[in-house]
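Chemist: Just passing along the structure, written as structure tokens.
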Amino acid sequence: MAFIKPFKAVRPKKDLAEKVAALPYDVMNTQEAMAMAAGNPASFLHISRPEIDLPEDIDVHSDPVYVQGRENLAKFMKEGVLLQDDTERYYVYRQKMGNITQTGLVVCAGVDDYQDGTIKKHELTRADKEEDRVKHIDALNANDEPVFYTYRNAPAITATIDQVTKGEPLYDFTTDDGVSHTLWDIADQALIDSLTASFAAIPTLYVADGHHRSAAASRVRDLRKDANPKHTGSEEYNFFLTVIFPDNEMTIMPYNRVVKDLNGRSFAEFMARVGERFEATPVSGAVQPGERHQFGMYLGGKWYVLVPREDSFPENDPVASMDVSILQDNLLSPVLGVRNPRTDQRIHFVGGIRGVEELERVVNSGEYMVAFSLFPTSIEELMSLADEDKIMPPKSTWFEPKLRSGLFVHLLD
């Protein structure tokens, strides 16, 4: 059963919400973060990417960066940019992007649920990224950015959330990317109890986006538990910030690939190797695959449709039959020499929100040699694999719209 609890959010003053709200820390580099926060002292990037307030040559994983984040959070609260609610509440967060609408419940999830498998994951974490989040959360004494979870849709929960969204929102604004963000709070104890009970009937939550933040929250809890001889299990550090969306509102886009070179092969040699595992058909326009087991390839200014040949992958293996696995196992690894996509510097991943035009741009620039467009992984694939405790290949999913950071923060004590 899934345990959730309300919390006293630290959140922006109403007239500052739009200025505070920022994209997640991990969708940008330091230079991009500096540009996004330029001229905006209220940007949450001063907390989530605190290196932007330090010398440009600073090691982003050094202690002064984590200290700066803690100081910036304290400054935002002292100056009234961020204020803490006086009672524990749930919150409802709705995003609209074009014809996509997703409405999630903002809660604290339990580290115990994460550790015992009630919260299921589908990706491995990188040790360096996980360690960075541990130090960041521990220094801030807060979960400053939420994890993005999903669950199999439950009509009773949807009905309660719909009731809440008929009321006056706390915030309602549209960001430069055209995504609208609306937030409501739930302070009524009867509604809080109803939602808590409804989620107690949900057997499983699934990590959609935020494996490193989840793992880091778990490790921070264990650190604090070990350091607290009076630990009871009810301390705030036992819980972490989460937004939970029903599966029927989730939108997964493809996570496309670009590779810097052809692994020492000529165009003819490369195409011959590709032809051993795929039928490659040149086409006149850009290829955004419309079904599973179909790929687009952009090379030498031309697009090709790739369809894997029969027996090139085991159809009955739920991981090996994923499109990201088929491409990796039949082309990226054996032909292009990208054995480990988690660490190989020759491969780069492009979120589907950028479109196939971005693939053309990076190849035409000469920075990369070949690009591949994929059909998106489905939310049902994600949940089914997680139910079997299987791990997806890296960079299998790209969720949109992205949650904005800074609209709610969870303090650990």
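The values are calculated or read from the model by the stated rules, or taken from the named source; none is laboratory data. Note that the coordinates shown come from a computational prediction; the quantities given were computed from them, not determined experimentally. Note: ideal-geometry Cβ built from the backbone for every residue, glycine included; neighbour counts use all protein chains shown. Just so you know, the surface numbers come from the protein's heavy atoms only, side chains and all, with ligands and any DNA or RNA stripped out. Shrake-Rupley method; radii C 1.70, N 1.55, O 1.52, S 1.80 Å.
Chemist: Which of the numbered conditions does L170 fail, given that it passes all the others? Conditions: (1) aliphatic (A, V, I, L, M); (2) at pLDDT 95 or above; (3) open to solvent by 20 Å² or more (accessible area, probe 1.4 Å); (4) within 29 Å of M322 (Cβ to Cβ).
Modeler: Result: L170 passes all but (4).
Listed here are the residues, each with its yes/no results for (1) more than 17 Å from the chain's Cα centre (by Cα); (2) over 23 Å from L23 (Cβ atoms); (3) not in a helix (DSSP H, G or I).
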{"site": "L124", "(1), (2), (3)": "no, yes, yes"}
{"site": "K135", "(1), (2), (3)": "yes, no, no"}
{"site": "N153", "(1), (2), (3)": "yes, yes, yes"}
{"site": "I157", "(1), (2), (3)": "yes, yes, no"}
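Chemist: Still on this structure, please answer the following. From the list D413, D389, pick out the single residue that is touching a residue at least 24 places away in the same chain (Cβ under 8 Å), assigned to a loop (DSSP other than H, G, I, E, B), open to solvent by 40 Å² or more (accessible area, probe 1.4 Å) and under 30 Å from N141 (Cβ atoms).
Modeler: None of the other options fit; the residue is D413.
Chemist: Something else now. Determine whether segment 180-200 contains at least one residue that is of a type in the set (S, T, N, Q), over 30 Å from D387 (Cβ atoms), in contact (Cβ under 8 Å) with a residue 24 or more places away in the chain and out of contact with any Gly (no Cβ under 9 Å at 6 or more places or on another chain).
Modeler: Yes, because at least one residue in segment 180-200 is of a type in the set (S, T, N, Q), over 30 Å from D387 (Cβ atoms), in contact (Cβ under 8 Å) with a residue 24 or more places away in the chain and out of contact with any Gly (no Cβ under 9 Å at 6 or more places or on another chain).
Chemist: One residue is enough: does segment 123-134 have a residue meeting the conditions touching a Phe, Trp or Tyr at 6+ places or on another chain (Cβ under 8 Å) and of a type in the set (S, T, Y)?
Modeler: No, segment 123-134 contains no residue that is touching a Phe, Trp or Tyr at 6+ places or on another chain (Cβ under 8 Å) and of a type in the set (S, T, Y).
Chemist: Taking the criterion of being farther than 22 Å from R361 by Cα and among the small types (G, A, S), would at least one residue in segment 326-336 satisfy it?
Modeler: Looking through segment 326-336, at least one residue is farther than 22 Å from R361 by Cα and among the small types (G, A, S).
Chemist: Next question, about the same structure. If I filter segment 279-289 down to residues being open to solvent by 60 Å² or more (accessible area, probe 1.4 Å) and touching a residue at least 24 places away in the same chain (Cβ under 8 Å), which single residue comes out as nearest to E360 (Cα to Cα)?
Modeler: Q288
Chemist: Return the total of residues in segment 163-172 being in a loop (DSSP other than H, G, I, E, B) and either without any contact (Cβ under 8 Å) to a residue 24 or more places away in the chain or of a type outside the set (S, T, N, Q) (or both).
Modeler: Residues in segment 163-172 being in a loop (DSSP other than H, G, I, E, B) and either without any contact (Cβ under 8 Å) to a residue 24 or more places away in the chain or of a type outside the set (S, T, N, Q) (or both): 5 in total.
Chemist: Just to be sure, is D53 under 17 Å from D144 (Cβ atoms) and among the acidic types (D, E)?
Modeler: yes
Chemist: So in segment 222-252, with the set limited to residues that are among the polar types (S, T, N, Q) and in contact (Cβ under 8 Å) with a residue 40 or more places away in the chain, which one is nearest to R89 (Cα to Cα)?
Modeler: The residue in question is T242.
Chemist: Select from segment 258-278 the residues that are without any contact (Cβ under 8 Å) to a residue 60 or more places away in the chain and surrounded by 14 or more Cβ atoms within 10 Å (Cβ to Cβ) and write down the one among them that is farthest from V324 (Cα to Cα).
Modeler: M271
Chemist: Output the residues belonging to segment 298-327 that are under 21 Å from T397 (Cβ atoms), surrounded by 12 or more Cβ atoms within 10 Å (Cβ to Cβ) and more than 24 Å from the chain's Cα centre (by Cα).
Modeler: Within segment 298-327, L306, P308, F313 meet the criteria.
Chemist: All but one of (1) surrounded by 13 or more Cβ atoms within 10 Å (Cβ to Cβ); (2) over 19 Å from L45 (Cβ atoms); (3) out of contact with any helix residue (DSSP H, G or I) (no Cβ under 7 Å at 6 or more places or on another chain); (4) hydrophobic (A, V, I, L, M, F, W, C) hold for L195, so report the exception by its number.
Modeler: Answer for L195: the failing condition is (3).
Chemist: Hey, another quick one. Please tell me if T160 is under 17 Å from V92 (Cα atoms), open to solvent by less than 20 Å² (accessible area, probe 1.4 Å) and without any contact (Cβ under 8 Å) to a residue 40 or more places away in the chain.
Modeler: It is true that T160 is under 17 Å from V92 (Cα atoms), open to solvent by less than 20 Å² (accessible area, probe 1.4 Å) and without any contact (Cβ under 8 Å) to a residue 40 or more places away in the chain.
Chemist: Which one of these is among the basic types (K, R) and open to solvent by less than 50 Å² (accessible area, probe 1.4 Å): R133, R152?
Modeler: R133
Chemist: Of all the residues that make up segment 362-397, how many are over 18 Å from I326 (Cβ atoms) and among the aromatic types (F, W, Y)?
Modeler: Of the residues in segment 362-397, 1 are over 18 Å from I326 (Cβ atoms) and among the aromatic types (F, W, Y).
Chemist: For segment 1-19, check the following and say yes or no: at least one residue is touching a Leu at 6+ places or on another chain (Cβ under 8 Å), farther than 22 Å from V179 by Cα and modelled with pLDDT under 95.
Modeler: Yes; the residues of segment 1-19 include at least one that is touching a Leu at 6+ places or on another chain (Cβ under 8 Å), farther than 22 Å from V179 by Cα and modelled with pLDDT under 95.
Chemist: Further question on the same structure: Residues that are within 23 Å of I192 (Cβ to Cβ) and either open to solvent by less than 10 Å² (accessible area, probe 1.4 Å) or in contact with a Cys (Cβ under 7 Å, 6 or more places away or on another chain) (or both): find the strands (runs of 3 or more DSSP E) completely inside segment 1-110 holding 3 or more of those.
Modeler: Filter on segment 1-110 gives 90-97, 100-110.
Chemist: May I pose another question? If you scan segment 328-361, which residues turn out to be open to solvent by 10 Å² or more (accessible area, probe 1.4 Å), more than 23 Å from the chain's Cα centre (by Cα) and not basic (K, R)?
Modeler: D329, S333, P334, G337, E360
Chemist: With Y255, Y237 as the choices, which residue is closer than 17 Å to V324 by Cα and within 26 Å of the chain's Cα centre (by Cα)?
Modeler: Testing whether each residue is closer than 17 Å to V324 by Cα and within 26 Å of the chain's Cα centre (by Cα) leaves just Y255.
Chemist: If a residue must be farther than 16 Å from E400 by Cβ, part of a loop (DSSP other than H, G, I, E, B) and not hydroxyl-bearing (S, T, Y), how many such residues does segment 352-376 contain?
Modeler: 3
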